[in-house]
Amino acid sequence: MRLPPIAGYQGARRGLIAALALVALASVGCERRAGAVLPQTSVPEIARSSCKNSDPAQAARDFYARIMTDPASGLPSKESMGALAPLMTASMRAAIEKARVRQQAFITAHPDEKPDFIEASLSTSLFEGPTALESATAVANGDGAVVEVGFVHAQAGSETFRWKDQALLRCEQERWRLDDVRYGGDWDFASKG
């Protein structure tokens, strides 16, 4: 089966976000907790009590600190996923794995072409990714939180970029985890979505 390519880097990022959304929608159902099966509607109550003493902004800082220590671009390698997986929701991990399968299928079918998700920071607006995190401010609501993260990319001889993206976190297994990203960069060629 040949998977149709998505045009360009921006299309690749939109494809990853779309895959994340589909996986999140598919995950509606029940959760097993303490030996009981609970309907999805009771999960926010559990999440509120299990994550109320933790800081979603710190969870976002931890995720991006890990991203900045591993400057690889594109999809995280399987080795990088070992460190990143505990910081992501199950649906985010599944979407990345689905993108990896799609990427491998494209490489097999088109060995002389560059596949989707092969380069660039997929978790921030700037292609090159951040060199520093300046701020992280969270607003939690039940089992979800929106963290506005301020980034900087500075290199000698290059223009310094400052921007804010939003990290969308969800309380899962009693811990805040990255579930999605809203890009906030406002320059030409910034990732959108």
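Applying the set (1) outside any loop (DSSP other than H, G, I, E, B); (2) of a type outside the set (Gly, Ala, Ser); (3) without any contact (Cβ under 8 Å) to a residue 60 or more places away in the chain; (4) within 23 Å of Met81 (Cβ to Cβ) to Val139 leaves exactly one unmet item: (4).
Hey, among the residues in region 92-125 that are aliphatic (A, V, I, L, M) and in a loop (DSSP other than H, G, I, E, B), which one's nearest to the chain's Cα centre (by Cα)?
Taking region 92-125 as the starting set, the residues that turn out to be aliphatic (A, V, I, L, M) are 92, 94-96, 99, 101, 105, 107, 109, 118, 120, 122.
With the extra rule that they be in a loop (DSSP other than H, G, I, E, B), the set shrinks to 118, 120, 122.
Working: Ile118: 15, Ala120: 13, Leu122: 7 Å.
Looking at residues that are aliphatic (A, V, I, L, M) and in a loop (DSSP other than H, G, I, E, B), I get Leu122.
For region 145-173, give me each residue that is surrounded by 13 or more Cβ atoms within 10 Å (Cβ to Cβ) and assigned to a loop (DSSP other than H, G, I, E, B).
Looking only at region 145-173, we keep the residues that are surrounded by 13 or more Cβ atoms within 10 Å (Cβ to Cβ), and these are 145-153, 161-173.
The one that is surrounded by 13 or more Cβ atoms within 10 Å (Cβ to Cβ) and assigned to a loop (DSSP other than H, G, I, E, B): Gln173.
Restricting attention to region 113-130, the residues being open to solvent by 80 Å² or more (accessible area, probe 1.4 Å) and closer than 27 Å to Gly150 by Cα number 2. A count restricted to region 85-112 and to residues that are touching a residue at least 40 places away in the same chain (Cβ under 8 Å), in contact with a helix residue (DSSP H, G or I) (Cβ under 9 Å, 6 or more places away or on another chain) and open to solvent by 20 Å² or more (accessible area, probe 1.4 Å) stands at 5.
The values are calculated or read from the model by the stated rules, or taken from the named source; none is laboratory data. Computed from a predicted model, the values in this text were never measured in an experiment. Glycine also receives a Cβ, built like all others from the backbone with ideal geometry; neighbour counts cover every protein chain displayed. The protein model used for the area step is the full one, side chains on, heavy atoms only, and it has no ligands, DNA or RNA in it. Shrake-Rupley method; radii C 1.70, N 1.55, O 1.52, S 1.80 Å.
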